[in-house]
Each structure stands twice: as structure tokens, then as C-alpha cells.
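Every number in this text was worked out from the coordinates using simple rules, so none of it is lab data. The structure presented is a predicted model; accordingly, all values stated were derived computationally and were not measured. A quick note on method: Cβ atoms are made from the backbone with ideal geometry, for glycine too, and the neighbour counts reach across all protein chains shown.
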Amino acid sequence: MLSFTSPGFLFGLTALTVPIALHLMNRAIPLRIVFPSTRFIRRAQLPREGRRQLRDILLLVLRLLLLAAAVLTFARPVWHRALTPPASDAQTATVFLIDVSASLSGAAGTARAQTLVSEKLDALGGQSVGLVLSADGVLADVPVSTDHDEIRRVLSELTPTYVAGDHLSGLRKAAQLLGAAGKRTITVVSDFQQTDWQLARSPELPPNIDITFLDVSGQRTSNAGITRVLVAPLNSETARVVVETRNYGMTPIARPLEVRIGTHSVRASIEVPPLQVRRVALVLPTSPSGRGVASLNGDDDYALDDVYHFWAGVLPPIRVLGVIPGKPEPRKAEELYFFRKALSVQDDGRAFDYAFDTVEAEFFFALDLEATQVLLLLGAAGYFREQEFRLVEHFLREGGAVIVTPGKAAAHQFRGLRQSGLVDAEFVGIAGEHSRDEIYGLGWIKPDSILGSLFEAPEDTDLFLFPIYRYARLRPARQDEVLLRLLDNAPALLESRVGNGRLFTSAFAFHPNWSDLPMTGSFLPLVREMVDSVVPGDYGAQRIDCGQTVELPHTLLGEELPKGGGGDGANTREPGIAMIGSTPHEVNVSRRESIVQKINVVDLQHRLRGSNSSDTPSPRQTTEDSRRINLWPYCASLAALFFLLEMGLGIVFDQRELKGRRQA
Amino acid sequence: MPEQTIAELLAPETLARIDSYALLARVAVEGFISGLHRSLYHGFGSEFFQYRSYVPGDDLKYIDWKVYGKRDRFYTKVFQEETNMNCCLIIDSSASMDYGGKRAACTKFRYACMVAACLAYLATRQGDNVGLYAYSEGILTAVPPGHRTGGLQRILTELQRLKPQTTGAHADALNKLAENFRRRGLVVWLSDFVDIDEDLSQLLKRFRFAHHDCIALQCLDPDEIDLPFSRTTRFVDSETGHEIVTAPELVRRGYSHSVDTWLDNIRLGCLQEHVDFLQVSTTDSLGNMLAAYLHRREAMG
């Protein structure tokens, strides 16, 4: 079928009358004269006249074609290939795409889907029908067939999953099942929850696929769910559990809440106004298993969000790697000992421990620091080469914490840190290196820093009381943050932010040769605060939604993770606690499934039909384009060809006529 | 009357505007005669008509010496003709004569009729018997020469009535007329001689055999001489209806050559038969024709 992009230019075809009119006006119409006698008038010129007429007609036709081709070029004709002829009933195929995401479990959505699809199947009779179960991917499919038994069987066993919906692959699978011939229809059976469909992209559906919708959503008049559970250990035996509950309905709810950790459980009653959030804090004894479940009891239109699995056990330790110079400075092992001792002290209020590793500086380059959170460079940086500094920089950018203390090779250490761009402060020498006659001490702490909040009243502590025998004189740059200063105002502790990590550079070593800080009461909180600065607030159990992909640490790559129901192992398809490596993962039903809001079906249909206004053409548009053939380049070529022909013939004819006249 | 005025008066474009052949002939002939410096016309009878100033070249025998004695100026006597010589005017009324180009004031037939009217008037004025014959496929009209009163008027009336038509059967008409012209006289044949160049000598020979003096007056339109058309033209033969489409500018040279050859043949045929041949164009003054007639008439004595 032919159409024109700019049909207005077709009015230009009226210009065809111009050459015709000129031809008619200028053509050699013989003047009729009744002459006395024609006996002396020769007819010798008649053939030439015939040729002239032929020439004129030929040139006229060429000019008309030239004009027509030019006009058509501007009108931009497009040829649409004929669509596939309408299919007969035998060629009609339908695929039901049934949404089995978690939201379908609410308000009898699954039962309604079973009923509606069964009715549709009855109505379709002997037509070919296929089935795709879709949640966050294709869960099951039944090929298109006139035998509906398999579909009915799958329908009877239809159960909603715990995962959130993402139906792009389901739509593709449905289109694939439909094939390429005949009248094809995809019937989407869903509750059209906005959170599932609002991000649905237009899949690469073949042309001529009709998309229809079956809405199986019901009224969720009463729905409340647990949105989050926070666990804070009170001591080694008890923990405080905060349960956050949200009322999604328009009526207030009063529901019994039960929180269970191991074999211990606590009950409470909770009242939540419409569309409001309430938090309840409970104290429970901890369990060695660490698994906890919070559940709202009572009737609810959507029960999957009434249960929340959380981790109340011991968290994986913070891995600390101490790097010491080794043989050049054997006494640095004592400094490492002080650190290890400080970090190994049990703290009842802390949910995690520290795992300590030690390595000598010369082997540092061969280490994999991925599982390490904290680096202690106890004089070891003085023996680093360029590649070791690059390792430290990479470690910092990934979010680690590095504590650097000087050693014998302090000059090399600070120069290396400076050249690596980790520290901008300039090393100017060691104070008290040759004599212990002069004693130094801390005299200032930055109030709005991590240490400032820890030592809000430093005069009440021994932070300013311990002697410092020697220290590295540093001339800090403007961007260096000085946390501690000596009495002479020289910087004692610098903090540098590199990427997501923090670098603490101390001007003195935490060793009795340098200072008595390790023997003070301030040492332990000082070290812990620096180490804990890289520990995220939600460190511990990871919260993921059912079906969400977990990125495995490299230590587990290549290993087949155990899977099992009830939240054991790495199975994330169902709610529970999944242990991946040493990290517990709280797997719960995606709370986005609790939101009742539906998407506008008309908008969704419009989007799925590929008429969205994205920059890249939709697949349907691409298919449409493939069926369109732009003819204007051909018209332009023809116009050019006719123009050249007209020019050439005109020249040839003129030369012939001139020659004929000369001969005459 | 000034000479220029007479020339204008004899111009065909002037005379063609006069519908009445009687008036036309009178104006033309009277004007022509009064403008003659040398008298070619003295009358051939014995009855005195008038005096006229002597013009060098006039025969001295017509000088009235008595008048010279009284007035000391020469006057010649003009006599009224008393002859009864027949003058037959034959007009070709074929369709080919009905052509008038843009440059001509009238068609060839109209021109021939004007000439015939003038000659009839002139001949009647000097006492000759004038007859008129017109033909195309056959004899269309015949006014035999005679002395009856109103003969001239009849001729002029016939000229007014004549229309050119159909093809010219020259041989049939001329042969038939030659058989009927018993009395010796002057035959003036006005035609374009189209398609009769080969038969011309034979036709003229018959008149000459009967001792007629002949004047062949070929009347042509200027277009027939030079074929002036510029654009492609469909020429329709006026007599046969034959059509030819041609580009005149391309065939003009050949056409002119053919026409010249044709005219030469006609002129040569007339010379061979001792026939005065006069070719006139419809743009020419009628004076030439009248002078030619008078010369011939004078030669006949």
C-alpha cells in the first residue's frame, strides 16, 4: 500500500500541466492555407516533421516524468508491505501470561486467576493456547497446543511465589510460544500492581501480536505488614528487637505481634492507624542459631508481609590485618600486640568481633585484601614499594580503614604516602629522636570528629596525660584533617578520606618507645573508634528480597551453595535466613508487593505496544519500519535520470536539426 | 490630375475598395488616359472628338496647323473611333483564382475582374465591341461582343456576379471559345495559368490560327512567387483539395526554382505563338496592364 509522508507536495503535480500547455502552445500546428496550386511544393520535409513531433513528444514525456519524480520525491512516498492475511480460527493462538508474583496471594488473586483463565479456556474451545507463569522470570510454560489439559493441570496447581514481579522475560517467552504465523494474542493475567509493572519495558514482541489484559486484583481493605526489624544486642544473652509495622489499609488495625528468636518468643499487641507506621521494641534472649521471626497474627488480605525473618545471632567478625616490618623492626610486634589486645576485649554491647591476621611487610604485596576491613601499618609502610602503596590506595578506595604509625623508616613512609597521594602532610623530621629528656603530650582534640564525639570531655580522661617521647614532625596540608594535636600544636593524628575509606596517620607509634598511650585507658576506645569507623551501621546480616540475586564473595566463587527450604542455605526464593559464607542474609518477601496501587492498564497496554517515547525505537516500531519502504530515494534517482536524459536528448536533437537545416 | 494621384488611383488597393465595376473602370481608365504624356490613343475613326496639347512623340499628321497659326501652340486632334473590332475578355474563374495573400489587396480573381472591367470600359470608350467569357469547369458566362447599348453594363454586371469555383478546364473552355470566335479580334486571356503550362501553346495556337491577336495576362499573387510562409503549413490545393504539410522555409528555394521554370515555360510558349504575355501581380498597378492593351491595340492599327 502506498502512502505519502508529505502528501501536500502532491499538489505540485499540477505543475505537470505547464509543460503540456507549453507543448500544446508551441507545437507545430500546421497553418492551413488553401493555396492555388501545390504542384511545386515539395513534400520532402514531411519525414523530418514526423521526427520533430516524435522528438517533441519524447522530450515532453521526459519532462513530465522528471516533474512527477521530483514532486514524488518531496512527497516522500512510502510503500507498506501487505500485512499478513487474517488468520483462520485454526491459526489463532493465545498464550496466557499469568502473574504469580507475591502480590497474587492477596485477596484471593490466585483463585480468581484460575477461574478467569478456565473460563477463557472454555470460550476459546479448540483454539491453540499456551501458558506462561511469570514472576521475576519465567517459572513454567506450556507450549501452544489445542490440547488444554496440561494448561488446566498447571492452573490447578497454581500457587503464588514469594518474589516480586518482573515480567519482561515472561512476555518474551509468551511471544516465542506464539510463533510467527496466524492471529496471535497474549492475555496477561495479573493484578497489575504498579510496583511490578511500572518499570516494565516494552519487550521485543513480533508484529501483529495482540495484547489483552485480565485483571484479577481484589480489594485489599485490610492489610498490615512488618516492614523492618532491627536487632541491637544488649549483652551476650539478650537483644533488643525493634519491629516496624505499617498499615497499608484505610482502617486502623489492632493485631497481636509475636517475635521469636530460637525457642524464645515474646508477644505484644500493636495498633496502627491507617497508612501509618508504628515501631515496637522488645527484649528477647538471644539464641545460638541467631534466627528470628516476627509475625503479625490475625486476619489479613495479604498475609505474606505479616512475617519477617531477621538475624539475631553473632555477626561475622571485622577482619583486621596487621602489617609489621618484621626483621628490620622486631619490636613492632609489640605494638601489634597492643592493637590485638585492644580489639580482642569483649564488649557486651557490640554485635561483632574482630578477626586478627598478621603479615610482614615483604609479603604484603601477595595478599588478597578483599575480606579485610582494617589495615594496621605499624611502621611497615616505611618498607613499602610503589606497588604496595597502590594496594593500600585501592584498599582505601574500596572502603577500608588504614591506621599508620611511624617506625624507623618514617621518612620513607611519609614520603611514600605523600607521593601516593594518600597523605598531603609533609614530613619534616622526628622530634625527640636522640634524647628522652623532653616529654611531649597531647593537648587538643578536634571536637566535631569521630574522636571528638568519643572524648567529649578529654580532660576527664587520660588522653592528655600520657607522655610522648618522640614523634614525627608533620606539616599538614590544608586538606588534612587533624584529629589530635600535641601541646606544641604539632599534629599528632591525621585523618584522610580516600575513596570510601579512611586513613589515620599517627605521628607517633603506639609503642612504649614512642609513647605510653597503649598503657592508658584511652587507648582502647581510641583504637576501636578508628577501626569501627569503616564498619557500616547495618553491618551484619544483609537484607534481601526473595528471589534477589546475591553477589557472592570471591571466596565462595565456584562453590555450589547448599539450597534448602525454610530459609536454610543460599536459597533466596523463599523467606528465611540464608547463610552465604559467614554472612547471614535476611530473605523476606519484597515489601513492594504490599503496595496496593495499580497501574493504569491503558498506559501499560500503550507501552507494551511499543508506542512509548523513548529515544531508541521500540521493537514494534522497528518492525513497523522494516515493513516500510521509503521510495523517495528511488524517485530522486529517477528524477536525476530523467533530467540527464532530457538534457542529452535535447542536445542530440538540436544538433541533428541544425545539421539538417544546414543540409537543406 | 497629378501623376502620383493617378498612380494611387490605379493601385489595386485603391480600386479594390470600389464595389461598382462601372465606377471602378471609369475612374481607372479616365485617370489613366488623362495622365498619358504621349498619346497612345487617337481614335481610329474620322469623327473629330477633341483637341489635346501636343506631346513630343505624337504623330505630326494629327497636328492642327490652323490652330497653330492662331495660337502659336501645337495641338493634336483626337478622333472618335469608328471601328467595330471585337475585344474578347476571357476570365479564368477556377478556384485557384480565388486566392489573396496578406500582401495583396484582393484575390487574383477580383484583380482579374478589375482588369477586365477597365479593359471593357476602355475598349467601349474607343468604339470596340467588347465581349466577356468566364469559365471554370465549363463556360460560366458569355457576353458576346456587339454594338448593342448596354453591352458594357452587362459585362460589368456579369463581372459582379461571377464567383471562382471548382477546377479550371482550360482546354475545353478555350477550345470551345476558339471555335465560336469567327471574327478576327483581340483576345485577352486573364488567368493564373496554373496547371496549363504544357497545353498553353496548343490553346494559343488555335486563336492565332484564327488570326486573333492575343494577350495572355497571367495574374499571380505574390505568395505564389516567393512562398513567404515561415511556420509549418498545411497547403490545400484549391482545385484538387490535395494537402501537403511542409516547412516553407525548408522548401522555399526549391519552390522558387520550380516556379521560375514554370513561368519561363509559359513566357516561352507565348513568345513562340507571338502572343503578348504580361505577368502581373495582384499588388501591381492596373496602369501597366492598360498600357499593354493600348500598345497592342495601336499595333493592330
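General observations
- For the protein assembly as shown: span of alpha carbons on each principal axis (Å, largest first): 190, 86, 47
- Between B:ASN180 and B:SER256, the FRET efficiency estimated from the beta carbon spacing at R0 = 25 angstrom works out to 0.05.
- Charge sum, other residues only, whose C-beta stays under 12 Å from A:LEU391's C-beta, Lys/Arg counted +1 and Asp/Glu -1: -3
- Residues A:SER6, B:SER191, sorted so that the one with the fewest Cβ neighbours within 10 Å comes first: A:SER6, B:SER191
- Here, segment A:217-258 yields an orientationally averaged convex hull projection of 4.0 nm² when only Cα atoms define the hull.
- Only helical runs count toward this figure. For chain A, summing -39,500 (n - 2.57) over DSSP H runs of n ≥ 4 and dividing by all residues gives -8500 deg cm²/dmol at 222 nm.
- Counting beta carbons within 10 Å around each of A:GLU433, B:GLU239, A:GLU646 and listing the fewest first gives the order A:GLU433, A:GLU646, B:GLU239.
- In nm, spacing of pseudo-spin labels at B:ALA291 and A:ALA140 (7 Å Cα→C-beta vector): 13.2
- Between 0 and 90°, nearest 10: helix A:17-26 axis offset from chain A longest Cα axis: 30
- Rounded, prolate or oblate (a/c below 1.5 giving rounded, otherwise prolate when a/b exceeds b/c) for segment B:86-300 by Cα gyration tensor: prolate
- Theoretical gain in end-to-end length, A:LYS659 to A:VAL602 [0.36 nm per residue, Cα-Cα removed]: 12.9 nm
- Listed by chain and number, the lysines whose alpha-carbon sits under 18 Å from that of B:LYS176, ignoring those within fewer than 8 places in the same chain, are B:LYS205.
- The long axis of helix A:523-532 is offset from the longest Cα principal axis of chain A by roughly 10 degrees.
- Computed from the C-beta positions of A:PHE643 and B:LEU271, the FRET efficiency with R₀ = 45 Å rounds to 0.10.
- Under the convention that each Lys and Arg Cβ holds +1 and each Asp and Glu Cβ holds -1, the size of the dipole of chain B around its Cα centre is about 1140 debye.
- Dipole moment magnitude, nearest 20 debye, the protein assembly as shown about Cα centre, only Lys, Arg, Asp, Glu C-beta charged: 5300
- Averaging 1/r across all pairs of distinct Cα atoms in segment A:142-185 and inverting the result yields a Kirkwood radius of 12.4 Å.
- The angle separating the long axis of helix B:286-300 from the principal Cα axis of greatest extent in chain B is about 60 degrees.
- Over segment A:229-331, volume per residue of the alpha carbon convex hull, in Å³: 140
- Calculated Rg and Dmax of segment A:109-219 using C-alpha coordinates, Å: 13.4, 39
- Estimated FRET transfer efficiency when R0 is 35 angstrom, pair A:SER156-A:GLN219 (beta carbons, to 0.05): 0.90
- Descending semi-axes in whole angstrom, ellipsoid equivalent of segment B:174-241, from the Cα gyration tensor: 33, 13, 9
- Inter-probe distance in nm under a simple model that places probes 7 Å from Cα toward Cβ, at A:LEU13 and A:ALA366: 8.6
- Here the label points at A:ALA254 and B:LYS61, each 7 Å from Cα along the C-beta direction, are separated by 17.5 nm in the simple model.
- Proximal charge balance of A:LEU526 [Cβ under 12 Å; K/R count +1, D/E count -1]: -2
- Net lengthening on full extension, A:ASN513/A:ILE651 (0.36 nm per residue, minus Cα-Cα): 38.9 nm
- Least to most buried among B:ILE90, A:ILE226, A:ILE253 (fewest other Cβ within 10 Å first): A:ILE253, A:ILE226, B:ILE90
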